[in-house]
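This report concerns only the one structure given below.
The values are calculated or read from the model by the stated rules, or taken from the named source; none is laboratory data. Predicted model only: the values in this text are computed from it and were never measured. All Cβ positions, glycine included, derive from the backbone under ideal geometry; neighbour counts span all protein chains shown. Side chains included, ligands, DNA and RNA excluded: accessible areas come from the protein's heavy atoms. Shrake-Rupley method; radii C 1.70, N 1.55, O 1.52, S 1.80 Å.
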Amino acid sequence: MAPSFDDGNSLFNFVVRDGNGVKGMVDSGLSTVPQAYMQPPIERIDKDRARKHGHPPIDLSKLGGPEHDEVAKQIVRAAENLGFFQVVNHGVPVDLLESLKDTAHDFFSLPAEKKAVYRDDVSPTPLVKYGTSFVPQKEKALEWKDYISMQYTNDAEALQHWPEEIRDVSLEYLRTSMSMVRKLLQVLLENLGVKPEDSMIDVLVDKKMVNMNYYPTCPNPDLTVGVGRHSDMGTLTILLQDGIGGLYVKIEDDSEFGKKGEWVEIPPVPSALVINVGDMVQVLSNGKYKSAEHRVRTTSTKSRVSIPIFTMPNATAKIAPLPEVVEKDGNTLYKEFVLVDYMKNFFSNAHDGKKSLDFAKINSA
Ligand code: OGA
Ligand code: NI
């Protein structure tokens, strides 16, 4: 039985505690946005004022060929300015991308009980977590999003613990993405004057997570957000988005990509993947590469899915700006920290733009 969504407590219990998610709420027949999801005006997304990011996707098949340097430069420029770019010929089969989106829709269409078994406090495995919004207990306004998150340790554990409906495609997506991720990191590190050994890249992408995000249709997208302003905490994120659109990135400084403070949309491009720089790459590069602030709009016509792979160092890794870069720069913007401490801070606060990086800043005052 769906409760009255005007009452914050019963809404919270239905959506969050009992694992019905935003999807369950919408399916119960909803004609207005409940108070708990109303964003303050400053967080709302004005669709008509956002420009689309016009840069064509970067063709990764050219890495290692005669046009290598030009392509490497495109990657570096995008990472230095916007922190986001799209890639094609990335090595992930295009039909797998289609299956992933279909599989995500199928999974979220399952009865709530099938998904709710993976809620944080009851999940049979620490590797899998199903949830809604980001940190519902801490948020002033909830995010219009349900998700499932699968941590990768090794193939055997993934096969054993990941939900069987989504396990095989997710694993194949991860498997076929990783050589692209390594190549991108190689390009980014070489540009910093670092000769990246395989072992160094191993450390940077030691931990991997595949998520499936589901953004149900919303009766009034102007009042809500799918995901609020945030940066990703890890190394690089690979994101598959569907054709609906609504992913926006904030421009940090004036550049060829736009004006400081402006939000631009990363438009869906068939068969492309979106890459974005995470906080760890910003720290390692001593601020040269930008972990971009981004957010997602909701839509009233169709539900949207996106499927990110998050890569990050091991929880025990010590992270600090790379010595080669600090030497060249003559200063260091970030202190050394252990990743697990950064993660704890990141996952215990509501999304708040790039505030997560304050944890690592030296003299941020
Ligand atoms: C995320 C995220 C964007 C999207 O999951 O961190 O930013 O398009 N997703 O769903
Ligand atoms: Ni993100």
The distance between the Cα centres of the stretch 311-338 and the stretch 22-85, in whole Å, is 27
Along the positive direction of the dipole of the stretch 8-359 (beta-carbon charges: Lys, Arg +1; Asp, Glu -1; about the Cα centre), which of SER356, VAL71, VAL326 reaches farthest? SER356
Label PHE12 and ASP46 with points 7 Å out from Cα along Cα→Cβ: what is the distance between them in nm? 3.3
Among 341-349, 252-260, 15-23, what's the highest-first ranking by average C-beta atoms within 10 angstrom per residue? 15-23, 341-349, 252-260
Crossing angle, helix 164-191 versus the chain [Cα axis fit, 0-90 degrees, rounded to tens]: 30
Starting from the 7 Å offset along Cα-to-Cβ, what nm value, one decimal, do you get for the label separation of THR125 and SER99? 1.8
Taking the Cα centre of the chain as origin, sum charge times position over the Cβ atoms of Lys and Arg (+1) and Asp and Glu (-1), and report the length of that vector in debye to the nearest 20. 640
Carbon plus sulfur, as percent of the 1.4 Å-probe accessible area of the chain, comes to 49
How large is the helix-only mean residue ellipticity at 222 nm for the chain, computed as the sum of -39500 (n - 2.57) over DSSP H runs with n ≥ 4, divided by its residue count, in deg cm²/dmol to the nearest 500? -9000 deg cm²/dmol
With Rh as the Kirkwood radius over Cα pairs, the stretch 209-294 has Rg/Rh of 0.97
ARG175-SER4 pseudo-label distance in nm [points 7 Å out on the Cα-to-Cβ vector]: 5.3
Integer Hz, Karplus 6.51/-1.76/1.60 couplings in order for the stretch 197-204, x for Gly and Pro: 7, 3, 5, 5, 5, 3, 5, 5
Would you mind counting up the charge near HIS294? Only other residues with Cβ under 9 Å from its Cβ, with Lys and Arg at +1 and Asp and Glu at -1. +1
Quick one: ranking GLU98, GLU265, GLU113 by accessible area, 1.4 Å probe, largest first, what do you get? GLU113, GLU98, GLU265
Can you tell me the alpha carbon radius of gyration of the chain divided by the globular rule-of-thumb value 2.2 N^0.38 Å? 0.96
